[in-house]
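Quick notes on the structure that follows.
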Amino acid sequence: MKQFSRFLFFLFLIHNWSSYGQKDSIVTLDIVVLSDVKLKNFSTGFNVNEISDSIIKTQTSLTNLLSLNTLIYFKENGYGMVSSPSFRGTNASQTAVIWNGINVNSQLTGQADFNNISIVNYNNISVKSGGSSVQYGSGAIGGSIHLNNSFHFYNHFKNELQVSYGSFNTLNTSYKLSAGTDKKYVAVGIDYKNSENDYEYLGYDEKNKNGAYNFLAFNFNAGYFINDNVLLKLFHNSSFNDRNLSGTLTYNAKDAYENTNSKTLVVLDFLTKKFSSNINFAHIYEDYKYFPNSENIDQYSFGKVTTFVAKYDASLYLKSYDIELKGILEYNGVNGTGSNIGDNQRDVFSAVFLLNHKLTSKIDYSVNVRTEVTSQYNIPFIFSIGSNLQITKLYTLKFNTSKNYRIPTFNDLYWVPGGNVDLKPENSYQFEIGNDFNFNSQKFNLTGYYIKSEDMIKWLPNTNNIWSPINIQEVESYGIEFQYNISKKIGSTQMSFLTNYGYTISKNSKTNNQLIYVPKHKVTSTLSLNYKNISTYYQLLYNGSVYTTTDNYNNLSSYDVSDVGISYVLPNKRKLTTTITFKVQNIFNEKYQNVAYRPMPNRNYKLKLILNF
């Protein structure tokens, strides 16, 4: 009853805001409506980097996009296989993927497979560094990846077709349609990938065997202004992945994996000048089938989870005080079944309060709190506090601190054999301070952070030699991040250069050993030149060495990989724009692995045709 009273209190606050807000007239709307306002309005003191559309178009997978343009380290079980991140030294289940404001990490594993997410159907991809559990719930500890669809309410009708073919018999095809008026908007996208993926293992007389994959994704978004104050939005995304699982240098695999993901979100927005609110209903479905032998399709293990989300949030803007308030009530109902987890369910209730205040023209801050109750756990109040202080026109000081958490997944609790129903949620505390320098065409950012995690969940062999999760690790992660960006026009040539450097220490507090698969050093750099109808770019990725055993005895060597690309835009003909691009990946034929015994591709090529009409 104590937890229920918290929700009644939050509901009372929201009801009063609603009554107050009804006195106001129609809000003036932009032609672009964002899907996740929390990210923009309540991330004071945090670094949020938006990846430009031009950069997104150079890549075909979310793993490649983020690996080459952020400081996140990715582990891939072979190219195109399962891909998991390490963000600021945290593990894969401590990085949240947020789809149009909804946390879509797997309820089975607690993480997302970044090679199972299409990027071509999103017009806004952002990376938020630092803990965001207050806003987005379980798992948002190291950082969060935001996949957003914006709505464009103006008269237009646009089509885009992309077709590419490359090494290892790889075919990528996508089609996007966007159409709208001042009251209606619709967007449709289809993405298909197919590859034999039989690249050479450099330095070995072998190829990547059993690595073929097929991937199909469908995206649909629609918006309609019922009247000047009410907007109805629909988001849908489905993906189907059928892939063999690559072997290693010591193992010839024959296994295969099929998985389906489906996400549907309906949002009803109520808009006025001071007050806005919305009602959200989401349905999320995930399933998988694992085949130990792809030649025997009748023998497999499986798992599937259905999640229902109901959410109400309300925002109030107090113009005279320059304060924005938001309250959120959310319910998640999760039902899972599988050959290794049985039949289980989880109910999660959460209440969130967010405040952003522009104290002066040079100082603003935010205070956010969350409480959560699940059918297994009670999460006490967690918080985040952040502030921006503009010291001079050229220099801004930023800082934030937060408490974050992750609750055990269905696999952690119920997996047979080995699941542990006595697990406690992970807790994490963090602090970071950032320095932004802005010199017209040049921007610098230098950020230092510290994260302490308690009751971390780790799978270890028990006395019966069965792997089982326990709360054992206390981990400290700290480091610095540096970003430099310059964009300048020299004559008729537009030049831009972006580089990131990260130094990361993430260690077990008891043993003082660096965690496995966490590089101490990472560098990414992109240089692009645009001259009239010709664009070219060079990208560099450097990953420092990583340990592959907890005793820090074995490690993988550091490596640097370079990509180059060039594109040419043909003159417009009858509203048709044609772009031809050619890309060379791993141009220097670097021999490297980011997971032990799983070599990555040698030098490879891709030719792409893009039609806009």
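The values are calculated or read from the model by the stated rules, or taken from the named source; none is laboratory data. What you are looking at is a predicted structure, and each value in this text was computed from that prediction instead of being measured. Neighbour counts are summed over all protein chains in view; Cβ atoms, including those assigned to glycine, are modelled from backbone coordinates with ideal geometry.
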Report the residue count in the range 148-191 for those that are under 20 Å from residue 230 (Cβ atoms) and among the hydroxyl-bearing types (Ser, Thr, Tyr). 4
Hey, residue 531 hits all of (1) crowded, with 16+ Cβ neighbours inside 10 Å; (2) within 27 Å of residue 582 (Cα to Cα); (3) of a type outside the set (Gly, Ala, Ser) but one; which does it fall short on? (1)
What number of residues in the range 207-229 are free of Cβ contacts under 8 Å to residues at least 24 places away in the same chain and either outside any strand (DSSP E or B) or buried (at least 18 other Cβ atoms within 10 Å of the Cβ) (or both)? 0
Among (1) over 21 Å from residue 114 (Cα atoms); (2) among the polar types (S, T, N, Q); (3) free of Cβ contacts under 8 Å to residues at least 60 places away in the same chain, the one test that residue 264 misses: (1)
Within the range 378-403, track down each residue that is farther than 22 Å from residue 448 by Cβ and either part of a strand (DSSP E or B) or small (Gly, Ala, Ser) (or both). 378, 379, 380, 381, 382
Return the residue satisfying two criteria in turn: it lies in the range 534-547 and is β-branched (Val, Ile, Thr) and surrounded by fewer than 19 Cβ atoms within 10 Å (Cβ to Cβ), and of such residues it is farthest from residue 591 (Cα to Cα). 534
Scanning for something among the aliphatic types (A, V, I, L, M), more than 22 Å from the chain's Cα centre (by Cα), at negative phi and surrounded by fewer than 16 Cβ atoms within 10 Å (Cβ to Cβ), does the range 375-387 turn up at least one residue? no
Among the residues of the range 404-417, are any basic (Lys, Arg), part of a strand (DSSP E or B) and either surrounded by fewer than 20 Cβ atoms within 10 Å (Cβ to Cβ) or touching a Pro at 6+ places or on another chain (Cβ under 7 Å) (or both)? yes
Yes/no for residue 195 being within 13 Å of residue 80 (Cβ to Cβ) and hydroxyl-bearing (Ser, Thr, Tyr): yes
Identify the single condition in (1) within 27 Å of the chain's Cα centre (by Cα); (2) of a type in the set (Phe, Trp, Tyr); (3) surrounded by 15 or more Cβ atoms within 10 Å (Cβ to Cβ) that residue 165 does not satisfy, given that it satisfies every other one. (3)
Search the range 550-585 for residues being among the polar types (S, T, N, Q), loosely packed, with under 15 Cβ neighbours inside 10 Å and not in a strand (DSSP E or B), and hand back the single one that is modelled with the highest pLDDT. 557
Filter the range 536-572 down to residues that are more than 15 Å from residue 605 (Cα to Cα) and touching a helix residue (DSSP H, G or I) at 6+ places or on another chain (Cβ under 8 Å), then give me how many there are. 1
Just to be sure, is residue 280 in contact with a Leu (Cβ under 7 Å, 6 or more places away or on another chain) and either buried (at least 16 other Cβ atoms within 10 Å of the Cβ) or closer than 20 Å to residue 171 by Cβ (or both)? yes
Please enumerate the residues belonging to the range 178-204 that are crowded, with 18+ Cβ neighbours inside 10 Å and basic (Lys, Arg). 193
Could you list, in sequence order, all residues of the range 453-512 that are assigned to a loop (DSSP other than H, G, I, E, B), touching a residue at least 12 places away in the same chain (Cβ under 8 Å) and not hydrophobic (A, V, I, L, M, F, W, C)? 462, 492, 509, 510, 511
Any residue in the range 350-366 that's touching a residue at least 40 places away in the same chain (Cβ under 8 Å): show its pairings with residues that are in a loop (DSSP other than H, G, I, E, B) and aliphatic (A, V, I, L, M) at Cβ separation under 9 Å, as long as the two are six or more apart or on different chains. 365/359
Kindly provide the set of residues from the range 586-612 that are out of contact with any Phe, Trp or Tyr (no Cβ under 7 Å at 6 or more places or on another chain) and in a strand (DSSP E or B), ordered by number. 593, 605, 606, 608, 609, 610, 611, 612
